[in-house]
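The values are calculated or read from the model by the stated rules, or taken from the named source; none is laboratory data. All values derive from a computational prediction rather than experimental measurement. Backbone-built Cβ (ideal geometry, glycine too); neighbour counts: all protein chains shown. Remember, those area values only see protein heavy atoms, side chains included, never the ligands or the DNA or RNA. Shrake-Rupley method; radii C 1.70, N 1.55, O 1.52, S 1.80 Å.
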Amino acid sequence: MKTENLITIKSSEELEVLREAGKILAGIIKELKRSLKPGLTTKAIDSLAESLIRDKKVVPAFKGYRGFPASVCISMNEEVVHGIPNARVIKDGDIVSLDVGIIHKNYFSDTAVTVGIGPIKPELQKLLDVTSEALYKGIEQARANNHLSDISHAVQVYVEAHGFSVVRDFVGHGIGRRLHEDPEIPNYGPPHQGPILKEGMVLAIEPMVNLGTWPTKILSDGWTVVTQDGLPSAHFEHTIAITKKEPEILTA
Ligand code: MG
């Protein structure tokens with residue numbers, strides 16, 4: 001591992017471990033998504049997540065991170081990110097964001113997805129589709145010799161073209177031996193700014209998209225981020241590697 005303006009460049013051995021981590025995490029979130037059904041508390045979903053994580057012999061990366069009390073962040077409806085699992089019950093019509101991180105052989109992997117419970121309103125389905133697609137628009141720009149903000153700009157342009165807004169207060173990040181490494185990756189901004197991307201950089205790209213306006217606030221629990229206007233929000237995230245050719249989605 002060497003650093004490039006504080007952005008670590010992973011060796012091929014490190015990339016191999018990150019690939020394993022991503023694959024394990026993708027399996028965990030797939031199973032977790034499948035288990036969501038009306039009537040479950042978010043606490044029960046967290047317990048299930050923790051057992052899926054421990055079954056794979058990996059470690060939940062968020063548990064205890066700066067004092068976070070659970071294995072996954074579960075953010076419903078107007079909650080943007082960092083929701084603490086609790087006694088709330090999920091029901092038909094809700095949208096539920098699952099954000100999961102693991103540590104495998106000392107390397108981190110991070111992914112998030114927002115899921116509709118049962119039938120959801122068409123505007124919510126559109127919010128999920130646009131946020132998911134915005135993530136892929138960002139990933140598409142994660143190429144050697146592009147600038148970092150080409151990712152940011154692609155996400156913002158796509159989201160705003162569909163009438164939604166991008167959260168400003170929280171950003172994506174580099175990832176590797178630490179959960180949050182340089183650089184910060186905003187989901188908005190002009191193109192062609194910031195560091196030049198290089199082969200071997202590993203990034204967690206994570207658009208958070210609001211149905212209404214972008215401002216957010218943090219609840220008194222110190223963690224849960226909600227929209228200020230109370231309208232719903234969606235969140236999708238992949239850990240990706242920049243290669244010689246196409247971006248490689250490690251958590252696909
Ligand atoms: Mg993340």
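None of 203, 231, 211, 197 is open to solvent by less than 50 Å² (accessible area, probe 1.4 Å) and either more than 30 Å from residue 17 (Cα to Cα) or touching a Phe, Trp or Tyr at 6+ places or on another chain (Cβ under 6 Å) (or both) except 211.
Only residues that are away from the ligand (no atom under 16 Å from the Cβ) and crowded, with 17+ Cβ neighbours inside 10 Å were counted across the range 108-135, and they come to 8. Within the range 72-103, the set of residues being open to solvent by 30 Å² or more (accessible area, probe 1.4 Å) and either of a type in the set (A, V, I, L, M, F, W, C) or within 15 Å of the ligand (Cβ to nearest atom) (or both) comprises 82, 84, 87, 89, 103. Selection of the range 157-176 for residues being touching a residue at least 40 places away in the same chain (Cβ under 8 Å) and acidic (Asp, Glu) yields only 169.
Within the range 1-52, being under 18 Å from residue 100 (Cα atoms) and part of a strand (DSSP E or B) holds for one residue alone: 41. Among the residues of the range 155-184, those identified as open to solvent by 20 Å² or more (accessible area, probe 1.4 Å) and either polar (S, T, N, Q) or within 17 Å of the chain's Cα centre (by Cα) (or both) are 156, 168, 169, 170, 171, 178, 180, 182, 184.
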